[in-house]
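Below is one structure, written out as structure tokens; the observations come after it.
The values are calculated or read from the model by the stated rules, or taken from the named source; none is laboratory data. Only a predicted model underlies this, so the values are computations on that prediction, with no experimental measurement involved. Neighbour counts run over all protein chains shown; Cβ positions are idealised from the backbone, glycine included. Ligands, DNA and RNA are stripped out before the accessible areas are found, and what is left, the full protein with its side chains, is counted by its heavy atoms. Shrake-Rupley method; radii C 1.70, N 1.55, O 1.52, S 1.80 Å.
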Amino acid sequence: LNGDIEVITGRHRLHLARTGGEKDIPAHLVKESEGFTTAAALTFDAESNIRDGQGEIKDYAHYFRNTQGLTREEAAEKRGLLRGVKGEAGWSLGKDAGDDLYTAYANDRIPEAKAVAIAQGAPGNVSVQSAAMALAKGKNPDELKNFARALSLAPKSNAPKADQGDMFGFDDSAIKESERIAQSATKHLQGLQDTNR
């Protein structure tokens, strides 16, 4: 509104063009006076970077976590934000990770690959994510993803009963069975990968 011109996205391309001696640079001009807001500019810039594969998964996760009302279908189909591995991983961490998993990841208390695996194995299931996080140090990402998936699919009423719970009455038989299933699934997948090589 004050007449200033701001580059919303393409700063690196602009710099390269200027240092290369370009006089005219194609651009799309948007105007604050026509309703283009600062928030719209920030969204446009962030989404352009995601589509171009710029930035880190942590940046994508932060953007998705803090963007209200964005559905997976809209992110994937209308905006093209989930085309690459980084977009998918960022979506899983930003939208599917519970608060504890996201906080542990954001504060570097769990490696990125393991956090992604847990979020993808049990999207939105905070109790399963917590159980998987407790095992994260001793498991690789494939094992964690398979464990989380197996535990989230385990029927609650038909879970095997332990002979004896711990001193608080906690029965961890479903977790032990999910670990067994995850190990078996991981070995099977590794065998398939070895066969396809």
Under 13 Å from the residue 33 label point (7 Å along Cα→beta-carbon), backbone N, region 4-18: 4-5
Accessible solvent surface per residue of region 67-140, calculated while the other protein chains remain in place, 1.4 angstrom probe, Å²: 50 Å²
Trypsin sites (Lys or Arg not before Pro) within region 4-60: DSSP coil, no more than 16 neighbouring Cβ in 10 Å: 23, 31
Extension gain (nm, one decimal) between residue 54 and residue 140, 0.36 nm per residue minus Cα-Cα: 28.3 nm
Accessible-area composition of region 102-161, carbon plus sulfur, in percent [1.4 Å probe]: 55 percent
Gained length - residue 106 relative to residue 74, 0.36 nm times residue gap less alpha-carbon distance: 9.0 nm
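Give me the orientation-averaged projected area of the Cα convex hull of region 65-127, in nm², one decimal.
One quarter of the hull surface, i.e. the mean projection, equals 4.2 nm².
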Per DSSP, loop trypsin sites (Lys or Arg not before Pro) in region 61-165 with at most 10 further Cβ within 10 Å: 156, 161
Full-stretch length increase - residue 24, residue 183 - with 0.36 nm per residue and alpha-carbon distance subtracted: 51.3 nm
C-alpha center-to-center spacing [region 18-93, region 118-139] in angstrom: 29 Å
